[in-house]
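Undergrad: Would you mind keeping the following structure in view while I ask a few things?
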Amino acid sequence: MDAIPSQYNAVRGMLELIAAYHTDTWEVIENSSIPSKINNIFQNRTGNPEEIELVNYGFDIKDSVTNGAFGFYGYPNLKYINIRGCKNIKTFQEFFKDCFSLVSIPELDTSSGTDFSWMFKGCFSLVSIPELDTSSGTNFSAMFNDCISLVSIPELDTSSGTDFSAMLRNSSLISIPPLDMTLGTNFNHMFEFCGSLKRIEAYGFSEDVDISDTAMGKAAIEEFFWNLADGVSSKIVTIPTNTGADHTIAENKGWTVVED
């Protein structure tokens, strides 16, 4: 069994604090720009938004709100915030981007979301996320980019996804659950700087994909080969060097295997 990553010990106390933290009141957001409304609430109730860590109130995002872009973007000291609603939000683009201290998030209704691009980018301290309904999602680009404390993600429904560029770039993920890549058209930099990644169960890749920055060994790479789409033409899969993986598994499906 792998050792428990040190980042979990570092944030254990904070997670316990969050679990015990109560939301006393809810600030309603409706028919307005989410970023400006949130900033105004923080400023009026708590003071300098850039210094906020934890608050005893939450945000109730009403059904009239459909655009969540940049919602909590750029609150560097925010560790946790309670949120409810969100069910009609279609874009979660940069929703928590650059919340450097964010440790975890509450359950969110993301069932209407189509754009999850950059949603958690730069959340350096994020160690867990709940199950998210991403069944309508098409854009997952850079969703977890730079999540350097995140070692696992739930099994997201990516069956409608097309853009996965940089989705997991520079994360500390150890394994990737079975994500459906069948409709994907862009996997550029998806696994770049993923030096802790040992297994990818995602399947259905049919465009160029590079896993050379991972820690995957022979068995994991051959499993990845088996999960690639069949019958492709002029597509390249790039893998780490000197793993001893059987290239013919991918080559028999039409892939060109490159070691880098």
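The values are calculated or read from the model by the stated rules, or taken from the named source; none is laboratory data. Owing to the predicted nature of the structure, the values given are computational and were not obtained by experimental measurement. Every residue, glycine as well, gets a Cβ built from its backbone with ideal geometry; the counts of neighbours run over all protein chains shown.
Undergrad: Restricting to segment 163-187, give me the number of residues that are buried (at least 16 other Cβ atoms within 10 Å of the Cβ), closer than 19 Å to Thr138 by Cβ and among the polar types (S, T, N, Q).
TA: 2
Undergrad: Tell me, yes or no, whether segment 116-127 has at least one residue that is farther than 27 Å from Asp24 by Cβ, buried (at least 22 other Cβ atoms within 10 Å of the Cβ), in contact (Cβ under 8 Å) with a residue 40 or more places away in the chain and under 11 Å from the mean Cα position of the chain (by Cα).
TA: yes
Undergrad: Give the residue, chosen from Leu150, Leu197, that is in the same structural domain as Thr91 (by TED's automatic domain parsing), under 14 Å from the mean Cα position of the chain (by Cα) and closer than 26 Å to Ser101 by Cβ.
TA: Leu150 is the lone residue from the list that is in the same structural domain as Thr91 (by TED's automatic domain parsing), under 14 Å from the mean Cα position of the chain (by Cα) and closer than 26 Å to Ser101 by Cβ.
Undergrad: From the set of residues in segment 200-215 that are hydroxyl-bearing (Ser, Thr, Tyr) and outside any strand (DSSP E or B), which is nearest to the chain's Cα centre (by Cα)?
TA: Thr214
Undergrad: So is Asp133 within 23 Å of Pro76 (Cβ to Cβ), of a type in the set (D, E, K, R), out of contact with any His (no Cβ under 8 Å at 6 or more places or on another chain) and modelled with pLDDT of 95 or more or not?
TA: On the way: within 23 Å of Pro76 (Cβ to Cβ): no; of a type in the set (D, E, K, R): yes; out of contact with any His (no Cβ under 8 Å at 6 or more places or on another chain): yes; modelled with pLDDT of 95 or more: yes.
Judged against the criteria, Asp133 is not a match.
Undergrad: Working only within segment 182-222, note down all residues that are touching a residue at least 40 places away in the same chain (Cβ under 8 Å) and of a type in the set (Asp, Glu).
TA: Hit for segment 182-222 is Asp210, nothing else.
Undergrad: Still on this structure: Within segment 144-158, can you find the residues that are under 20 Å from Gly204 (Cβ atoms) and either in contact with a Gly (Cβ under 9 Å, 6 or more places away or on another chain) or in contact (Cβ under 8 Å) with a residue 40 or more places away in the chain (or both)?
TA: Leu156, Asp157, Thr158
Undergrad: For segment 226-235, indicate whether the set of residues that are closer than 22 Å to Ser175 by Cα, hydrophobic (A, V, I, L, M, F, W, C) and outside any helix (DSSP H, G or I) is non-empty.
TA: yes
Undergrad: Hey, another quick one. Can you pull out the residues in segment 54-84 that are among the β-branched types (Val, Ile, Thr) and buried (at least 17 other Cβ atoms within 10 Å of the Cβ)?
TA: Val55, Ile61, Val65, Ile81, Ile83
Undergrad: Also: Residue by residue through segment 1-51, note down the ones that are among the charged types (D, E, K, R) and either at pLDDT below 75 or within 23 Å of Ile174 (Cα to Cα) (or both).
TA: Result: Asp2, Arg12, Glu16, Asp24.
Undergrad: Given the conditions (1) at pLDDT 90 or above; (2) more than 20 Å from the chain's Cα centre (by Cα), report the number of the one that Ser101 does not fulfil.
TA: Failed condition: (2).
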